[in-house]
Amino acid sequence: MMGAQSQISADAIRDAKNKNMKMRERDLATQLGISEAEYLEAWIDHGVERMNVDLSTFFSMLKDAGEVMSLSRNESAVHEKIGTYESFSSNKHASIVLGPQIDLRIFGKHWTHAYHVTKQLDEGKTQRSFQFFDTTGTAIHKVFSRPQTNLEQWDEIRKVLTKNPPKNPSFKTAEKTNSEPYNISAEATENLQADWAALQDTHSFQAMLRRHKLPRLEAIRLVGEKFTTQLADDTIELLFNRLPADALPIMVFVRNSGILQIHSGPIKNIKRMGPWLNVLDEDFHFHLRTDQIASTWLVRKPTKRGDIFSIEAFDEEGNQIVLLNGYRREGDEADVVAMWDQIVKSLPTKSEASEN
């Protein structure tokens with residue numbers, strides 16, 4: 001059964017796909033005016049099975065499936081990593097997958113709908129995936145099988161999570177983000193600046209935003225040039241085109257409401273395809289709609305170990321698209337971080353680009 005807001009039948013959805021075989025499912029769902037999860041609902045018993053959302057069981061079992069592809073995205077960026085789901089742990093606030101390839105922070109309260117999808121591809125190949133969605137039917141995370149995947153373990157996960165699945169799910173309507181600029185008093189701005197200056201750890205940043213009741217972009221705008229600088233619109237592309245020659249490892253963060261997915265390492269193969277800027281490396285694919293970047297910022301966060309400089313890009317509604325950091329996974333990476341800091345401080349600012 002489709003979500004309550006759907007005005008199109010399952011037969012009509014399947015017929016639309018058969019008439020648009022080359023169109024991506026996500027794009028077709030948007031064209032039809034439904035969510036991606038609602039699109040999958042039309043294919044129940046046609047290669048799609050509903051699953052229970054049991055994240056502890058899923059991630060604990062997934063490690064033994066071996067190599068898979070992990071995909072997380074938001075509206076403007078797609079982050080894909082090939083590897084194994086290792087070192088899963090969980091607490092009441094978040095869960096973690098902390099392997100050398102796949103590195104995730106999981107916010108389970110947003111994971112509402114889940115499916116196993118079996119799709120027949122050309123040349124007799126079969127694509128298998130586990131797909132997870134929020135209350136609106138918007139994708140949070142997907143896991144795809146690979147040629148090296150242990151399909152016996154994969155199928156065991158499917159059997160466990162499709163036993164007594166939920167019936168007739170419904171989907172909420174997505175709420176629009178408030179994109180109006182915030183106006184706060186001079187005193188509130190000074191308090192924000194003082195709290196920002198007193199940061200000891202980047203993990204305290206979100207808590208600081210909650211205390212001040214500010215969205216991330218608004219805090220970045222309001223805190224002042226001591227901590228943030230707006231950069232030129234094409235900053236991300238300039239940076240990505242430079243990094244392969246420098247062979248500099250970085251960290252690439254993409255998040256949505258339910259997950260933060262992280263790449264740590266160098267990036268090598270950069271290709272532009274229409275509006276998409278792409279990284280096409282062996283174990284990391286990244287796809288960025290640069291035309292949807294409304295603002296890009298250099299952000300300085302003080303910590304006990306020294307300042308951390310990040311590049312953050314946002315869309316027109318103030319949602320973070322991507323965050324880039326210097327590489328810090330192996331402990332003492334002072335030389336690598338120093339090179340990163342030097343590069344990002346040399347990037348053209350918004351005002352400099354306007355003058356040119």
Within straight-line cross-link reach of Lys226, aspartates and glutamates at Cα separation under 14 Å, skipping those fewer than 8 residues along the same chain: Glu190, Asp195, Asp307
Estimated 222 nm signal from helices in the chain, with DSSP H stretches of n ≥ 4 weighted -39500 (n - 2.57), rounded to 500: -8000 deg cm²/dmol
Cβ-Cβ FRET estimate between Arg242 and Asp283, R0 fixed at 22 Å, reported to 0.05: 0.55
Tail weight of P(r) past 18 Å, computed on alpha-carbon pairs of the stretch 30-177, percent: 58 percent
Projected label distance in nm at Met23 and Ala197, using a 7 Å step from Cα toward the beta-carbon: 5.5 nm
Hits among lysines - C-alpha to C-alpha of Lys172 under 23 Å, sequence gap 8 or more where chains match: Lys109, Lys142
Hits among lysines - C-alpha to C-alpha of Lys167 under 17 Å, sequence gap 8 or more where chains match: Lys159
The chain, relative contact order in percent, only Cα pairs under 8 angstrom and at least six apart counted: 17 percent
Estimated translational D of the stretch 156-289 in µm²/s (Stokes, Kirkwood radius over Cα pairs; 10 °C; 1.306 mPa s): 83 µm²/s
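Per residue, how much accessible surface does the stretch 216-356 expose to a 1.4 Å probe? Answer in Å², no decimals.
With the other protein chains kept in place, the stretch 216-356 gives 45 Å² per residue.
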Theoretical gain in end-to-end length, Met273 to Gln153 [0.36 nm per residue, Cα-Cα removed]: 39.5 nm
Heavy-atom accessible surface of the chain: percent carbon and sulfur, 1.4 Å: 46 percent
Glu175-Phe107 FRET efficiency (beta carbon distance; Förster radius 22 Å; 0.05 resolution): 0.80
FRET efficiency for Lys167 and Glu317, using Cβ-Cβ distance with R0 set to 22 Å, rounded to 0.05: 0.05
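The values are calculated or read from the model by the stated rules, or taken from the named source; none is laboratory data. Note that the structure is a prediction, hence the values are computed from the model and not measured. Counting neighbours? That spans all protein chains shown, and the Cβs are built from the backbone with ideal geometry, glycine included. When the accessible area is computed, the model is the full protein with side chains, heavy atoms only, and any ligands, DNA or RNA have been set aside. Shrake-Rupley method; radii C 1.70, N 1.55, O 1.52, S 1.80 Å.
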